[in-house]
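Peer 1: Okay, handing you the structure first.
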Amino acid sequence: MTPTLPVPGGDAIAGTANGHRGPDVYGPVGRSPWLDVDWREHQRWVLVDGQPVNTIELGSGPPLVFVHGLSGCWQNWLEQLPVLASEHRVIAMDLPGFGYSPMPRDSITMDGYVRLLEGLLDELQAGASAVVGNSMGGLLAAKLAIAAPERVERLALVSPGGVSTHQDPRRVHALTAMRLIELALAGSVGWVAARPGLVTGRPRLRAAALGVVARHPDRLPAPLAAELVGGAGKPGLMQALEAILGCDLRPRLPEIACKTLIVWGDNDRIIPVRDADIYAEMVPQSRKFIFPDTGHVAQLERPAAFNALLRDFLAE
């Protein structure tokens, strides 16, 4: 028997009609496509060395893999999956210990996650893929490109860890603040996620839930905010946090051989934007793009501009 799949849903997103969406537009505009997807049609449990991995897959074409960050889940890519599925076979997952994937048998390590990603791509017969990762997911995507370059055809890193997150007390304090928020929300997160109006109507709750990662949490639509809050309170957070703090990617960044897009928000409170310069300097075939007035999750804070940027990068 497989676990029940909780899927995104909620009220329609309020906003103006779809039109020009430049980088100055914050949050989704109009009704987001993900609200009209029956996600149960695209979910399955994939066994990777006996580990069940909650996996989402839709579309056809060149494979495009999305890897979420610390305290995240596959829903961190809701604004990308149905949009990019028109041109790609898009794949997202809950890493073990997050979302609805159970904890792994062994302790969480970054190398262990990379092996799991390799195994998942094998099971899905994905072949060489474009890989997009945010935060911890960016760290993992970079490590995958280093460990198995034949699997990563293109790489997009959104505020990735692996540089200043390595044993930096300032980053420890910021990341630990996320854990305190997790503990505060863990007892009621299911109730909050089922009531997106609550997130909208209580500014303090919304700020507590998303203020660490988003520059303007009050501008994110209630259904999307509820899905993000729903990723909180998962058992893998502390082990994964410790693994991130022990991982220094700098010595190996020059080994990334594929074209790489580096994306950051200039108001990232989790991983400072100065790390973008280090990535851009050390990864040979890379370029960077900095979103103004944006926090740690540019893909959700600037979805239309981010999608256009990613689409252009993949089409080069």
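The values are calculated or read from the model by the stated rules, or taken from the named source; none is laboratory data. Keep in mind it's a predicted model, so treat the numbers as computed, not measured. Backbone-built Cβ (ideal geometry, glycine too); neighbour counts: all protein chains shown.
Peer 1: Scan region 89-96 and give yes if some residue there is more than 14 Å from Trp45 (Cα to Cα), in contact (Cβ under 8 Å) with a residue 40 or more places away in the chain and not β-branched (Val, Ile, Thr), otherwise no. Walk me through how you get there before you give the answer.
Peer 2: Going through region 89-96, the residues more than 14 Å from Trp45 (Cα to Cα) turn out to be 89-90.
When the remaining residues are screened for being in contact (Cβ under 8 Å) with a residue 40 or more places away in the chain, the result is none.
No, because not a single residue in region 89-96 is more than 14 Å from Trp45 (Cα to Cα), in contact (Cβ under 8 Å) with a residue 40 or more places away in the chain and not β-branched (Val, Ile, Thr).
Peer 1: Now for a separate question. Under the condition of being touching a strand residue (DSSP E or B) at 6+ places or on another chain (Cβ under 9 Å) and of a type outside the set (S, T, N, Q), which residue from region 41-55 is surrounded by the fewest Cβ atoms within 10 Å (Cβ to Cβ)?
Peer 2: Step one: filter region 41-55 for residues touching a strand residue (DSSP E or B) at 6+ places or on another chain (Cβ under 9 Å), giving 41-47, 52-55.
Subset that is of a type outside the set (S, T, N, Q): 41-42, 44-47, 52-53.
Details: Glu41: 9, His42: 20, Arg44: 14, Trp45: 13, Val46: 18, Leu47: 11, Pro52: 16, Val53: 23.
Selected residue: Glu41.
Peer 1: Considering only region 277-306, how many residues are touching a Lys or Arg at 6+ places or on another chain (Cβ under 9 Å) and part of a helix (DSSP H, G or I)?
Peer 2: So the count comes out to 9.
Peer 1: Given Gly295, Gly265, Gly246, which one is farther than 25 Å from Leu64 by Cα, among the small types (Gly, Ala, Ser) and either at pLDDT 95 or above or more than 19 Å from the chain's Cα centre (by Cα) (or both)?
Peer 2: The unique qualifying residue is Gly246.
Peer 1: Oh, and also: How do the pairs read when you match residues in region 230-252 that are over 14 Å from Gly138 (Cα atoms) and in a loop (DSSP other than H, G, I, E, B) with residues anywhere that are acidic (Asp, Glu) and at pLDDT 85 or above, using Cβ under 9 Å and keeping only pairs 6 or more apart or on different chains?
Peer 2: Every condition considered, the pairs that remain are Gly231/Asp94; Lys234/Asp94.
Peer 1: Counting only residues that are touching a residue at least 60 places away in the same chain (Cβ under 8 Å), surrounded by fewer than 20 Cβ atoms within 10 Å (Cβ to Cβ) and of a type in the set (D, E, K, R), how many does region 269-316 have?
Peer 2: 4
Peer 1: Okay, next question. Taking into account only those residues within region 70-82 that are assigned to a loop (DSSP other than H, G, I, E, B) and among the hydrophobic types (A, V, I, L, M, F, W, C), which is modelled with the lowest pLDDT?
Peer 2: My answer is Leu70.
Peer 1: If you don't mind, there's one more thing I want to ask. Of the residues Ser129, Ser107, Ser101, Ser86, which single one is small (Gly, Ala, Ser) and closer than 29 Å to Gly30 by Cβ?
Peer 2: Ser86
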